[in-house]
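*Asks:* This is the structure I want to talk about, given as structure tokens.
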Amino acid sequence: MIDKVAPTDARVLIIGSNGTGKELVARSLHQKSSRSSMPYIEVNCAAIPSELIESELFGHEKGAFTSAIKQHKGKFEQADNGTLFLDEIGDMSLAAQAKVLRVLQEKKLSRVGSDKDITVDVRVLAATNKNLKEEIAKGNFREDLYHRLSVIVINMPSLDDRKGDIPLLVEYFIGQICNETGMAPRPVDDEAMRLLVDKSWTGNIRELRNVVERLLILSGERITASDVRSYVL
């Protein structure tokens, strides 16, 4: 689906639990697109206080508010001709949602403290771990924005729903971690791998990577079933 969607300018909504790889999907969509040489800007909507989200997304003029000591370009302007990834979009305030909707509809924005319109050409990707249809029913999310964002919906399965990927991911993470840290790679015994496959991964791929790193640090010359039982289960 990524390969089909990436070359287009279609907006994509990526849905899934924490740790399933939503950010990696967004990066892949950008890297495989015609915008790949242009900016890729990420915004974690849950990490920005609601009173600052508009300034962060749309920018502000000098003097727009007390701490606005100079003009600031927002994330939409920074991503012009490139891709903007709105992570945790379900945590965005309704006021900010309304302004994002306007940018998607009109391809124009105005900085906080300005009445001038600025035209932008941005492909917007969004992700959430929330059920946005439930949030719409509760009045927490705009239905019109949901339909604007969800031209294509990519559902990220949990790691427990894709057990067959675990051996591949374990080997990948061993290579990645050893390359980053200088640790010597070590093999994983068959029984140890079976235990990892059978385990429930509530933290998904992020949890698996942490476990692999723990095993590399604490195990001996090879990762055994005993290591998995002692340090993971």
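The values are calculated or read from the model by the stated rules, or taken from the named source; none is laboratory data. Note that this is a predicted model, so its numbers are computed, not measured. Glycine also receives a Cβ, built like all others from the backbone with ideal geometry; neighbour counts cover every protein chain displayed. Heads up: the accessible areas ignore ligands, DNA and RNA and are worked out on the full protein's heavy atoms, side chains in. Shrake-Rupley method; radii C 1.70, N 1.55, O 1.52, S 1.80 Å.
Per-residue answers, yes or no, for (1) open to solvent by less than 70 Å² (accessible area, probe 1.4 Å); (2) modelled with pLDDT of 95 or more; (3) basic (K, R):
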{"position": "I14", "(1), (2), (3)": "yes, yes, no"}
{"position": "K22", "(1), (2), (3)": "yes, yes, yes"}
{"position": "R27", "(1), (2), (3)": "no, yes, yes"}
{"position": "I41", "(1), (2), (3)": "yes, yes, no"}
{"position": "P49", "(1), (2), (3)": "yes, no, no"}
{"position": "L57", "(1), (2), (3)": "yes, no, no"}
{"position": "G74", "(1), (2), (3)": "yes, no, no"}
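*Asks:* I would also like to ask the following. Any residue in the range 192-199 that is open to solvent by 50 Å² or more (accessible area, probe 1.4 Å) and assigned to a loop (DSSP other than H, G, I, E, B)?
*Replies:* No.
*Asks:* Right, another one. Quick one: which of A137, A127, A79, A95 is over 30 Å from P185 (Cα atoms), in contact with a Pro (Cβ under 6 Å, 6 or more places away or on another chain) and either aliphatic (A, V, I, L, M) or at pLDDT below 95 (or both)?
*Replies:* Going through A137, A127, A79, A95 in turn, the sole match is A79.
*Asks:* Search the range 203-216 for residues being at pLDDT 95 or above and open to solvent by 80 Å² or more (accessible area, probe 1.4 Å), and hand back the single one that is farthest from the chain's Cα centre (by Cα).
*Replies:* R214
*Asks:* A further question follows. So D80 fits all but one of (1) buried (at least 16 other Cβ atoms within 10 Å of the Cβ); (2) not in a loop (DSSP other than H, G, I, E, B); what number is the exception?
*Replies:* (2)
*Asks:* Could you tell me which numbered condition P185 fails, if it satisfies all but one of (1) open to solvent by 30 Å² or more (accessible area, probe 1.4 Å); (2) in contact with a strand residue (DSSP E or B) (Cβ under 6 Å, 6 or more places away or on another chain)?
*Replies:* (2)
*Asks:* Continuing with this model, one more query. Residues in the range 202-231 that are outside any helix (DSSP H, G or I), within 16 Å of F173 (Cα to Cα) and touching a Lys or Arg at 6+ places or on another chain (Cβ under 9 Å): how many?
*Replies:* Total meeting the criteria: 3.
*Asks:* Here's another thing I want to ask about it. Where residues in the range 83-103 are among the β-branched types (V, I, T) and within 20 Å of the chain's Cα centre (by Cα), which of them is surrounded by the fewest Cβ atoms within 10 Å (Cβ to Cβ)?
*Replies:* T83
*Asks:* Could you grab the pairs with beta carbons closer than 7 Å, sequence gap of 6+ or different chains, first residue in the range 151-177 and farther than 12 Å from M193 by Cβ and charged (D, E, K, R), second one open to solvent by 20 Å² or more (accessible area, probe 1.4 Å) and in a loop (DSSP other than H, G, I, E, B)?
*Replies:* If the second residue must be open to solvent by 20 Å² or more (accessible area, probe 1.4 Å) and in a loop (DSSP other than H, G, I, E, B), the pairs left are D160/S200.
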